[in-house]
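Report on the structure given below.
Just so it is clear, none of the values below were taken in a lab; they were calculated from the coordinates. If you're wondering where the values come from, they're calculated on a predicted model, not measured in any experiment. A quick note on method: Cβ atoms are made from the backbone with ideal geometry, for glycine too, and the neighbour counts reach across all protein chains shown.
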Ligand code: SF4
Ligand code: SF4
């Protein structure tokens, strides 16, 4: 590795050396209590796939480049200098972690391993070795924000076609206005994904509730965050923030995507609107009597997978359970559950990468957990989780259907 590159990467590390980062890097005692808490280590029991194994890659670089002892006595201890082989380890550490933070709730010091790995991801961007898929998808999303006029008419045309699906599902005579767009002063700006299902089912629910809503031009998913690029993460989130502000909406409702929800709710400062997940809004509509779901509509045993970014990192545990308690005759809780629930292995942008065998192996503990419930349906409320649960289901031949909570509600509305 050339001197200039080493200096550039060291500079990037320095930008991340805030107090929490120094605290986490200094405080880890390498006690190893976090080993068994990581689903990846459970599926692939190698030290480098343990939480502390990952953070050590960063800590060794920190020691070498920012600690006097590491600089003066490079052959003592465990300091590591920046070179191409180390950057391969940095990649493996960063992009085998889903950012689930299950290790954090078990660590005696609450050490945030994904926070430490944010430095690793930034270095990979600086080194030009971040995953190409994530970088490309982040660039496309940024570009869409900068040239919304180019695709506006095509997008609207596609939405007109989706309105016919919504019309059929609601049994209405006309499809006109069933998916409103650019509606100033609407109560809700709903942000979907690129898949039609992420728009059609919420549209059915909003219409049934008589909501004054409008659809965003943008997708909620934030590939800038997955790539670990804070600048692109902000640009991608700002597309939605600006749209919501210009329309003057009271609330932005995020599609079933844990990361999209968490970024807008907790990581982008104060907004002049409320931020909710579609799960919270469905729960609210049921509580207020705006929609009704068919009680006991699902008789097969059913379980719920808490998306890490919605549950452990977002605090939404009760709402999905209360919705499913109405819909399902035989609801079965996974063990462990809620903040201790096992990650499925799909977060952190990992489902967008070419790594299916790795994800099947790292999803083994999730497979065991689902199988132990005896459920025939596993429901979740995050697109990444649903994709990964599907990979686990086919990878292990698990006799279970994977379903989205929003879709189940839309299909079981009491009309
Ligand atoms: S991260 Fe926490 S649990 Fe893991 S080795 Fe360090 S101190 Fe121990
Ligand atoms: S955040 Fe999740 S995937 Fe990452 S090291 Fe911790 S337990 Fe493992």
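I'd like the FRET efficiency for residue 182 and residue 356, computed as 1/(1 + (r/R0)^6) with the beta carbon distance as r and R0 of 41 Å, rounded to 0.05.
Values: r = 39 Å, r/R0 = 0.96.
Once rounded, the FRET efficiency stands at 0.55.
When you count, for each residue, the other Cβ atoms within 10 Å and take the mean per peptide, how do 255-268, 8-21, 121-134 rank with the highest first? Could the numbers behind the result be given before it?
Values: 255-268: 23.7, 8-21: 14.2, 121-134: 19.6.
Top to bottom by mean Cβ count within 10 Å: 255-268, 121-134, 8-21.
Would you please classify the overall shape of region 349-403 from the alpha carbon gyration tensor, given that a ≥ b ≥ c denote the square roots of the eigenvalues, rounded means a/c under 1.5, and beyond that prolate means a/b larger than b/c while oblate covers the rest?
Working: a/c = 2.13, a/b = 1.39, b/c = 1.53.
Oblate shape, in that a/c is at least 1.5 and b/c is the bigger or equal ratio.
How many percent of Cα pairs in the chain exceed 35 Å? It would help to have the intermediate numbers written out before the result.
Values: 26710 of 85905 pairs.
Counting every Cα pair in the chain, those more than 35 Å apart make up 31 percent.
How much length is gained on full extension from residue 321 to residue 401, taking 0.36 nm per residue of separation minus their Cα-Cα distance? Numbers along the way, then the final one.
Numbers: separation 80, 0.36 × 80 = 28.80 nm, distance 1.79 nm.
Here the segment from residue 321 to residue 401 would lengthen by 27.0 nm.
Could you give the C-alpha radius of gyration of region 302-411 expressed as a fraction of 2.2 N^0.38 Å, taking N as the number of residues it contains? If you can, show how the numbers build up before the last one.
Working: Rg = 12.9 Å, N = 110, 2.2 N^0.38 = 13.1 Å.
Here the Cα radius of gyration is 0.98 times the empirical estimate.
How many percent of Cα pairs in region 283-353 exceed 18 Å?
Working: 1206 of 2485 pairs.
Tail fraction, whole percent: 49.
Could you tell me which of rounded, prolate or oblate describes region 234-377, using a ≥ b ≥ c as the square roots of the eigenvalues of the alpha-carbon gyration tensor, with rounded for a/c under 1.5 and, failing that, prolate when a/b is larger than b/c and oblate otherwise? Please list the in-between numbers first.
Numbers: a/c = 2.57, a/b = 1.25, b/c = 2.05.
The shape class here is oblate.
Counting just the Cα atoms, what span does region 135-287 cover along each of its three principal axes? Round to the nearest Å and put the largest first.
Largest to smallest, the principal-axis extents are 46, 36, 24 Å.
Can you tell me the order of 406-413, 276-283 when each peptide is scored by its average per-residue count of other Cβ atoms within 10 angstrom, highest first? Don't jump to the answer; show the numbers that get you there.
Numbers: 406-413: 20.9, 276-283: 23.8.
Going from most to least packed, we get 276-283, 406-413.
With each label point set 7 Å from Cα along the Cα-Cβ vector, what nm distance links residue 153 and residue 6?
5.7 nm
With each pseudo-label sitting 7 Å past Cα toward Cβ, what's the residue 66-residue 18 distance in nm, one decimal?
Here the modelled spin labels are 1.3 nm apart.
When ranked by the protection proxy of mean other Cβ atoms within 10 Å per residue, highest first, what sequence do the peptides 176-186, 368-378 form? Working shown, then result.
Details: 176-186: 15.5, 368-378: 18.3.
Ranked by mean Cβ neighbours within 10 Å, highest first: 368-378, 176-186.
Any idea how far the Cα center of region 284-363 sits from the one of region 116-189, in Å?
Measuring centre to centre over Cα atoms gives 24 Å.
Where does the chain land at 222 nm, in deg cm²/dmol rounded to the nearest 500, when only DSSP H runs of n ≥ 4 count, each adding -39500 (n - 2.57), divided by all residues?
Values: 20 runs with 220 residues, N = 415.
Only helices count here, giving -16000 deg cm²/dmol.
Between 0 and 90 degrees, rounded to the nearest ten: what's the tilt of helix 318-327 against the longest Cα principal axis of the chain?
So the inclination is approximately 40 degrees.
Given a Förster distance of 45 angstrom, what is the FRET efficiency for residue 83 paired with residue 105, based on the Cβ-Cβ distance and rounded to 0.05?
Calculated value: 0.85.
Taking the C-alpha atoms of region 3-130, how large are the radius of gyration and the largest Cα-Cα span, Dmax, in Å?
My reading of the Cα-based Rg and Dmax gives 13.9, 40 Å.
Mean separation of Cα pairs under 8 Å and 6+ residues apart, divided by the residue count of the chain: what relative contact order is that in percent?
Numbers: 691 pairs, mean separation 66.2, N = 415.
Rounded, it is 16 percent for the chain.
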